[in-house]
Amino acid sequence: MKKVSLRASFAIIMALLVIVGLVVYVFRFVKDGEKWALYFDESTSKCTYTLRDRDGTVLAKMGGGSRTYAESSKVRTACYQLIGDFNGNVGTGALQSFSRQLSGYNIFTGIEEGEDVDLKLTVDADLNVKAYEALNGRSGSVLVANYKTGELLCMVSSPSIDPSKPPSTLPDGVYINRCISSSFTPGSIFKLVTLSAAIENIDNLFQRTFTCNGSIDVKGVTVTCTGHHGNQSIEQALANSCNCVFGTLALELGADTLGEYADKLGLTSEHKLDNITTAAGKYDKDESGSAALAWSGIGQYNDLVCPYS
Ligand SMILES: [Zn+2]
């Protein structure tokens with residue numbers, strides 16, 4: 001009797017293990033099936049696609065046993081982080097984020113042989129080249145969007161490389177698209193956040209006259225301006241990008257209100273861009289009446305914003 005019950009227990013354990021294994025397999029198949037299919041089918045060239053810019057310039061092509069990037073080295077370099085590479089080094093490139101559409105993958109049928117996919121991005125490769133040249137070797141990013149349609153017209157991250165001829169020593173951060181995966185000190189652009197908060201929370205903002213003598217003293221700490229702007233309306237202060245006025249407004253508004261507006265405007269949260277999760281920004285709240293709080297309303301202190309946000 002004891003023997004039978006031991007055998008039964010063993011059989012139940014084995015059955016449970018098989019069920020758990022099946023559940024794990026199905027989960028992995030749904031989640032990673034596309035990657036598995038691409039891994040095998042790319043090598044046998046089943047996958048056929050062309051990735052183009054908005055004007056039709058070929059940015060990447062796969063098919064007929066070959067994988068190629070854009071013809072021009074300048075385009076390849078200026079579009080490197082935007083497109084990514086066939087090896088997947090840039091995790092946020094279009095080749096990765098649109099892999100399902102490009103491969104024509106279907107969870108039930110896998111990758112159909114001979115299916116020719118043609119995908120156009122909204123970005124203009126020539127604009128990317130111009131922006132990359134304007135960066136002139138500096139680290140940084142350029143992102144241009146059509147504010148009416150939301151289309152991204154230019155997306156450049158520097159430093160970059162030509163994926164067809166990668167150098168033996170790679171520049172730091174070359175695999176990162178700074179437009180979407182990094183956050184930076186925003187500087188004066190953050191004054192628009194402070195202004196939004198001021199318009200909705202400070203009475204008579206548009207009737208007030210603000211005076212700039214080149215700096216303000218906040219508890220013994222000097223917050224400097226880039227000029228001596230004298231008497232100004234809020235409109236003039238914005239046009240002058242006056243630190244004294246926006247530092248003063250930050251002190252009046254307080255960190256909680258400024259933080260609330262940074263949150264409301266989506267600057268402190270992650271966003272989704274074609275399956276890619278963008279970097280979140282940050283607004284640190286300093287104590288009431290401090291110079292750090294004044295600087296935080298000017299886009300300095302610990303403020304961080306992702307260019308895409
Ligand atoms: Zn000023």
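The values are calculated or read from the model by the stated rules, or taken from the named source; none is laboratory data. Every value quoted in this text rests on a predicted model; they were computed, and no experiment measured them. Neighbour counts are summed over all protein chains in view; Cβ atoms, including those assigned to glycine, are modelled from backbone coordinates with ideal geometry.
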**Request:** Among the numbered conditions (1) buried (at least 21 other Cβ atoms within 10 Å of the Cβ); (2) under 14 Å from Pro186 (Cα atoms), tell me where Asp284 comes up short.
**Result:** (1)
**Asked** If you check Gly137 against the conditions, is it at positive phi and of a type outside the set (Asp, Glu)?
**Response** yes
**Item:** All positions within the stretch 47-75 that are closer than 17 Å to Leu119 by Cβ and outside any strand (DSSP E or B)
**Value:** Cys47, Asp53, Arg54, Asp55, Gly56, Thr57, Ala70, Val75
**Prompt:** Ser241: more than 13 Å from the ligand (Cβ to nearest atom), more than 18 Å from Ile202 (Cβ to Cβ) and small (Gly, Ala, Ser), yes or no?
**Reply:** no
**Message:** Please pick out the residue among Gly259, Gly266, Gly227, Gly247 that is among the small types (Gly, Ala, Ser), outside the structural domain of Ala78 (by TED's automatic domain parsing), in a loop (DSSP other than H, G, I, E, B) and more than 30 Å from Arg100 (Cα to Cα).
**Reply:** Gly227
**Message:** Criterion first (within 16 Å of the ligand (Cβ to nearest atom), buried (at least 18 other Cβ atoms within 10 Å of the Cβ) and either over 30 Å from Gly84 (Cβ atoms) or touching a residue at least 12 places away in the same chain (Cβ under 8 Å) (or both)) does Ala262 satisfy it?
**Reply:** no
**Asked** Scanning for something within 11 Å of the ligand (Cβ to nearest atom), buried (at least 18 other Cβ atoms within 10 Å of the Cβ) and touching a residue at least 24 places away in the same chain (Cβ under 8 Å), does the stretch 218-234 turn up at least one residue?
**Response** yes
**Message:** Among the residues in the stretch 143-166, are any surrounded by 13 or more Cβ atoms within 10 Å (Cβ to Cβ), touching a helix residue (DSSP H, G or I) at 6+ places or on another chain (Cβ under 7 Å) and among the acidic types (Asp, Glu)?
**Reply:** yes
